[in-house]
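> This structure is in structure tokens; I'll ask about it shortly.
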Amino acid sequence: MNSFTGQVRLHSILLRTSTTDSAPRTLKLFLNRDDLDFSTASDLAPAQTIELSQTNDVQDLPVKRALFNTTRSLTLFFDDNFGDGDEDVTRVSYLAFKGDFMRLNKEPVNFLYEAAANPGDHKVKGTASLGMGSGIGGPGGRDGM
């Protein structure tokens, strides 16, 4: 399982294996799960299954972007290899992820909500000489009557 320090909009997985029998054949991707072990991963339906090629080249494996827009953790389960049961070890020589990273803000957001504004808190500079904002009765207020 790979947990990211933020949220990732995953585009593809880069993977290099080999031309040997220990190269993985099937990759199952599980999204935002931290409760998987081998038996659970074998029985559970993955978010996406990818059939791999037996090659020494780096494979750029696109994922279904609509499913992987809010990736916080990703579990890669290599279900089998090209040894057809004769090879106990599955080998991967390179693994990388392509996507967009967004940092998660874990600090609380402070804001001020005023049910009724206090006019004394919102004075505008330079309005006193024009008689603006001096009272409900207009310029001069009650004293001008």
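The values are calculated or read from the model by the stated rules, or taken from the named source; none is laboratory data. Please read all numbers here as calculations on a predicted model, not as lab measurements. Please note: Cβ atoms are built from the backbone with ideal geometry, for glycine as well, and neighbour counts cover all protein chains shown. Protein only, heavy atoms only, side chains kept; ligands, DNA and RNA dropped before computing areas. Shrake-Rupley method; radii C 1.70, N 1.55, O 1.52, S 1.80 Å.
> Of all strands (runs of 3 or more DSSP E) completely enclosed by the stretch 1-85, which ones contain at least 1 residues that are touching a helix residue (DSSP H, G or I) at 6+ places or on another chain (Cβ under 8 Å)?
Those strands (runs of 3 or more DSSP E) span 24-31, 71-81.
> Okay, next question. Looking at the stretch 48-103, which of the residues that are open to solvent by less than 80 Å² (accessible area, probe 1.4 Å) and touching an Asp or Glu at 6+ places or on another chain (Cβ under 7 Å) is nearest to LEU10 (Cα to Cα)?
SER73
> Please find, among SER73, SER93, the residue that is at pLDDT 90 or above and of a type in the set (Gly, Ala, Ser).
Going through SER73, SER93 in turn, just one is at pLDDT 90 or above and of a type in the set (Gly, Ala, Ser): SER93.
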